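Some notes on the structure that comes next.
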Amino acid sequence: MKRLYGVLLFLWTALLCCGCGAEEIQRRQFTDAVMGTVLQQSIYAADMETAEALAEDVVLLLEDLERQEISWRQEGSELFEVNMSAGTTGGFLLSEEMTELLIKCRELWESSEGALDVTLLPVVRLWDIDTWAAAGETAGFAPPDEEELERALALCGGEKLRLEPQSFREDGKVLQARVFMPRGLQLDLGAVGKGAALDKIRVLLEQSGVESTVISLGGSILTYGEKPDGSLWKVGVVDPRDTSSQIALLSLEGQWCVSTSGDYERYVEAGGVRYHHIIDPSAGRPADGGVRSVTVLSKDGFLSDALSTACFILGVEKGMELAGQYGAETLFVTSDGSVILSEGMKKYIIS
Ligand code: ADP
Ligand code: MG
């Protein structure tokens with residue numbers, strides 16, 4: 001009898017120890033305000049400390065990226081210095097990272113026939129939709145004066161952005177370039193910043209040891225790894241006219257980036273007109289490509305973000321063709337509320 005008790009006690013203790021040794025992998029959620037938007041992280045980890053440390057690293061990465069590199073507002077950031085160099089003869093020597101980013105932006109400017117144009121800052125500032133939308137107050141808003149708009153638009157243009165290679169990688173790609181900006185040219189990376197950020201987060205996740213995570217940064221989402229229970233990631237596409245509900249649901253396996261650009265994200269309504277924050281470079285005013293939103297699915301964060309903005313301006317036909325060139329899939333919500341999918345997108349839609 002004593003022996004039986006002994007065995008039972010041993011089994012009970014072993015069971016308890018087992019329980020504490022292998023903590024279950026759980027979803028741990030974190031919400032922060034970063035880069036002028038909401039960052040949501042779902043990190044699947046066995047313990048809270050690991051998840052918290054990773055969540056904090058992601059926030060720090062984004063804050064640094066914003067403050068030190070891509071914000072045109074932040075005095076001392078690299079982009080701020082680039083913009084300050086406009087009109088100088090010596091130009092500005094870009095970091096390797098900014099070189100790569102601006103080269104990719106210029107490539108997208110070319111392939112989108114000018115739809116994605118990071119030189120639009122003078123026009124973007126004139127409309128100032130972000131500030132009006134953030135304030136949530138439309139009284140006092142008026143579209144810019146036509147002449148002022150003409151003058152601002154004349155300062156912009158992707159063709160004015162000159163990047164001169166200074167050194168090359170072994171594979172022949174440009175490592176570092178010097179940018180030369182004519183007076184008045186001003187860059188804004190708002191259309192690609194969040195996607196570029198997702199690419200950096202992915203590298204951080206790869207080094208972290210955490211196996212499954214979903215990050216949502218404003219309208220851009222990164223899925224990473226496999227869900228511990230083996231089910232697929234579900235990513236909702238917001239209904240542009242009822243942002244509390246979803247117009248579609250994507251089911252994704254492993255690592256993906258999903259970006260949405262829409263007329264419902266940042267806008268001002270005045271005199272019955274919706275003025276949103278995506279500018280058609282050919283007109284200098286909010287784009288009207290016949291769509292309310294575009295969602296782009298790609299393995300690459302930069303591409304998903306850059307293409308969603310470009311596709312919004314280009315509309316369904318040209319947009320879908322452009323995304324196709326980059327192997328990206330698209331979901332358009334058109335002005336009449338219908339949903340149009342690229343052929344390859346269909347297999348990811350579950351409702
Ligand atoms: P969000 O940042 O809300 O996800 P987008 O990625 O579509 O939306 O980027 C829109 C932002 O990009 C605007 O707030 C503005 O700063 C900038 N922008 C507006 N129009 C263009 C354009 N045609 N090309 C490049 N950048 C643009
Ligand atoms: Mg974008």
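Numbers below:
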{"quantity": "In the stretch 182-194, the residues that are within 16 Å of ligand 1 (Cβ to nearest atom) and closer than 18 Å to PRO281 by Cα", "calculated": "LEU185, GLN186, LEU187, ASP188, LEU189, GLY190, ALA191, VAL192"}
{"quantity": "So LEU108, is it assigned to a loop (DSSP other than H, G, I, E, B) and under 22 Å from SER304 (Cβ atoms)", "calculated": "no"}
{"quantity": "Odd one out for CYS17 among (1) over 27 Å from LEU175 (Cβ atoms); (2) at pLDDT 95 or above", "calculated": "(2)"}
{"quantity": "All positions within the stretch 287-301 that are in a loop (DSSP other than H, G, I, E, B), away from ligand 1 (no atom under 12 Å from the Cβ) and closer than 14 Å to ARG266 by Cα", "calculated": "none"}
{"quantity": "Test result for VAL192, more than 16 Å from ligand 2 (Cβ to nearest atom), in contact (Cβ under 8 Å) with a residue 60 or more places away in the chain and either under 25 Å from the mean Cα position of the chain (by Cα) or surrounded by fewer than 13 Cβ atoms within 10 Å (Cβ to Cβ) (or both)", "calculated": "no"}
{"quantity": "Selection status of ALA154, surrounded by fewer than 16 Cβ atoms within 10 Å (Cβ to Cβ) and at negative phi", "calculated": "yes"}
{"quantity": "Extreme residue, farthest from ligand 2 (Cβ to nearest atom), among residues of the stretch 302-351 that are in contact with a Leu (Cβ under 7 Å, 6 or more places away or on another chain) and part of a strand (DSSP E or B)", "calculated": "ILE349"}
{"quantity": "Residues being surrounded by fewer than 23 Cβ atoms within 10 Å (Cβ to Cβ), within 28 Å of GLY254 (Cβ to Cβ) and within 15 Å of ligand 2 (Cβ to nearest atom) - total across the stretch 286-301", "calculated": "1"}
{"quantity": "Filtered residue count, the stretch 217-255, keeping only those that are under 15 Å from the mean Cα position of the chain (by Cα), within 16 Å of ligand 2 (Cβ to nearest atom) and at pLDDT 95 or above", "calculated": "5"}
{"quantity": "Filter result for GLY271 (more than 20 Å from LEU120 (Cα to Cα) and either within 14 Å of ligand 2 (Cβ to nearest atom) or touching a residue at least 12 places away in the same chain (Cβ under 8 Å) (or both))", "calculated": "no"}
{"quantity": "Top-ranked residue in the stretch 257-285 [being surrounded by fewer than 21 Cβ atoms within 10 Å (Cβ to Cβ) and not in a loop (DSSP other than H, G, I, E, B); ranked as nearest to ligand 1 (Cβ to nearest atom)]", "calculated": "ASP280"}
{"quantity": "Whichever residue in the stretch 210-235 is free of Cβ contacts under 8 Å to residues at least 24 places away in the same chain and more than 16 Å from ligand 1 (Cβ to nearest atom) and, among such residues, is nearest to VAL296 (Cα to Cα)", "calculated": "TRP233"}
{"quantity": "Residues within the stretch 204-235 that are in a strand (DSSP E or B) and buried (at least 16 other Cβ atoms within 10 Å of the Cβ), tallied", "calculated": "13"}
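The values are calculated or read from the model by the stated rules, or taken from the named source; none is laboratory data. Owing to the predicted nature of the structure, the values given are computational and were not obtained by experimental measurement. Glycine also receives a Cβ, built like all others from the backbone with ideal geometry; neighbour counts cover every protein chain displayed.
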